[in-house]
1. If we count other beta carbons within 10 Å of each Cβ, what is the order of 173, 244, 122, fewest first?
2. With r defined as the distance between the Cβ atoms of residue 181 and residue 367 and R0 fixed at 60 Å, what FRET efficiency is calculated, to the nearest 0.05?
3. Ranked by Cβ crowding within 10 angstrom, fewest neighbours first, how are 196, 142, 62 ordered?
4. I need the shape label for region 174-303. Rule: rounded when a/c is under 1.5, else prolate if a/b > b/c, else oblate, with a, b, c from the alpha carbon gyration tensor.
5. Net charge around residue 445, counting only other residues with Cβ within less than 13 Å of its Cβ (Lys, Arg = +1; Asp, Glu = -1)?
6. Tell me which GluC sites (Glu not before Pro) from region 611-676 have a DSSP coil assignment and no more than 16 other beta carbons within 10 Å of their own.
7. List the residues, sorted by chain then number, that are 5 or more residues from residue 468 or on another chain and whose placed amide H is less than 5 Å from its amide H.
8. Can you tell me the order of 343-356, 178-191, 267-280 when each peptide is scored by its average per-residue count of other Cβ atoms within 10 angstrom, highest first?
Amino acid sequence: MAAPVTVEGTQPAQLEREKVNILVVDDLQEKHVVFRSILDELGQNIVSARSGQEALRYILEMEFAVILLDVNMPDIDGLETASLIRQYKKSSQTPIVFITAYVDERQAKRGYALGAVDYIPSPVVPEVLRSKVRVFVELFRMNRQLQQQAAAREALARSEAAREAAEDAIHRSDFLAEASQQMSRSLSIEDTIQAMFDVAVPMLADRAILALVTDGAITRIESHPWVAEDAPETMPEGMRAALSRVLDKKSFEIWTDGGNAAAICPLLAGGRVRGALVLFGPRATMDSSRVALAKEVVSRASIAMENARLYTAVQEADRRKNEFLAMLAHELRNPLAPIRNAVHIMQGDNVTQPTMNWARDVIGRQADHMARLIDDLLDVSRIVQGKVVVKPEKLSLASLVERSVEASSPRLAAREQTLRVELPEEHLMLNGDAVRLAQVLSNLVNNASKFSGPNTAITVAASYANGEVRISVRDEGAGIDPAFLPHIFDLFAQADQSLDRAQGGLGIGLTLVKHLVELHGGRVAAHSEGVGRGTEIVVTLPAQVAGGAEVPDASPRARKPASGKAPSRILVVDDLAASAETLMTLLEMEGFEVKIANEGMAALKIAEDFRPDVVLLDIGLPGMNGFEVAHRLRTLPESRDALMIALTGYGEAESRMRSAQAGFDFHMVKPADVNLLLSMLADPQQARRGSKTAKVA
């Protein structure tokens, strides 16, 4: 069968590959360079104009998805240029985005009156500009496809109708063209629904009902004109059954009742049912010509509704992203305040030792809190990109729960909360990643503690049935609003978005839990009877009853320092002076001889004279990066056999792989576990031998 083609003979896939034109109008060359560097990632055709007159010449020759227009230009300013652009039929509907350093209310009103879709302040934020332009590029492509599909269908309609009557074919095509234009005029869902009704009534039917579907269930019913019989509970049983069949089978159906009939047309998008449009009229008018016309209109209505839905989804995603970025800034700044205060206290005169100890503990706790936030963000990023891989091993349920509870005990004790653990009598074994599963349970217990008051109880209970273990974490805390419960595992979702949020957090913990559990072949669910009535999170994982003695705990633990003489020479390479100096002080307090270098060439020169036993090397160095330095150090006889550890903020899989290739023995992510680092430095040769079978995360 021949592939579908548009009126111009262009394949749909070929249309998607064609570059879309984006016009940038600004009198400053440096701004064109900036905009091009920001927008090049979109892979489209960027056209630059240095004046309003040059922009008008391009508009006469080319079609643009969006015009980025500077307000202040020497010959014709941006507002005058926009007015002239709107006078051309080809560009009368082209989206215009004004770029300006300042806009007053009067200027804004005039700009929007000329059809501007947005004002972007200068200097622009690259991610914001790129995101907004991407939306207009996609909408332009969708609109082109819609227009070309409409043109193809119009041509088909003309050829079919020509056999019957030429005048009827012209009337039909004109109606479809007008219908397409009317329904695609706005990207608002409400406006698109109203346009759909205006097209359908009275041309196609006396009355129309629109049923919208979410996840297979009808969530909204609208009708025009509205009558009580259109409500789902009062709809005739036969019509309700026909509507259910159409939604289930995704196929058109005509329902009749005496002298009346209803054409029930599914609204499809990408093979998914988004709803159905029901057209009522006298049975005699539902002939083949009317039905065919109704199907065409509904096909175009489906595209218009999907465009509006996608645009709304993009706007919602942008809103949630902005909320998350604001919350991230808030959560990262919070620990900085006590750290800064503690440092100021430590710098005071006559500070007592108890006060110094207290300030040190404050700094340690807040630094740990920031590290956990950053680790969660990195985990979410890896999961979204599909880069998280679990390492299954045999482990017992009892040891997993014990380790998870142990990690959460300080938090519970600080809030004077009681933890109850209820495990089954059977000795259950799991096949999973001990670190990741412990992260899941600790996360759930910490969440329960965070959202529960003092002197409350938290219960961790497990039960076994049908080859699965069911682990529940139940609290007596704040509970969850039923309206928010279906979104509790969504990324960045938080029930409380107010400025006085008492508990903090980024809304990513439960997303991590869900993905990690699913990577183990399990599932997770949340239950709550409402606000103030507590919450229960249930994790279900494959498990089996152990046949013999308990399998030893295989989870990684920090190695204890080996007895023997500690190394005397350590080279620290880090371009951040504060990081290098504090690490040197720490190591010198442990009895090591330490030299520091702030860039690669200095490190190589020092290594030749110092002959280090250990090299702690940052990757992000100026000039020669850490991978190159490591490779060069491995070629020097003075440092060839040194224990080499990458101590860096880069923790993704690619950096770890490059570390191994460059000659590093271990790859540690900042802030490193000090106890683990010291245990490795105690016997570097033993640590190097151990690196053949294990790498440090």
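We did not get these values from a lab; they are worked out from the coordinates using the rules stated. None of the values given here were measured: they were computed from a predicted structure. All Cβ positions, glycine included, derive from the backbone under ideal geometry; neighbour counts span all protein chains shown.
1. Ordered from fewest to most neighbouring Cβ atoms within 10 Å, 173, 244, 122 come out as 244, 122, 173.
2. According to the calculation, E is roughly 0.50.
3. Neighbour counts put them in this order, fewest first: 62, 142, 196.
4. Rounded.
5. Spelling it out: positives minus negatives among the neighbours equals +2.
6. Of the GluC sites (Glu not before Pro), the ones in loops of region 611-676 whose Cβ has at most 16 other Cβ atoms within 10 Å are 638, 652.
7. Residues meeting the amide H criterion: 543.
8. In decreasing order of mean packing, 343-356, 178-191, 267-280 become 267-280, 178-191, 343-356.
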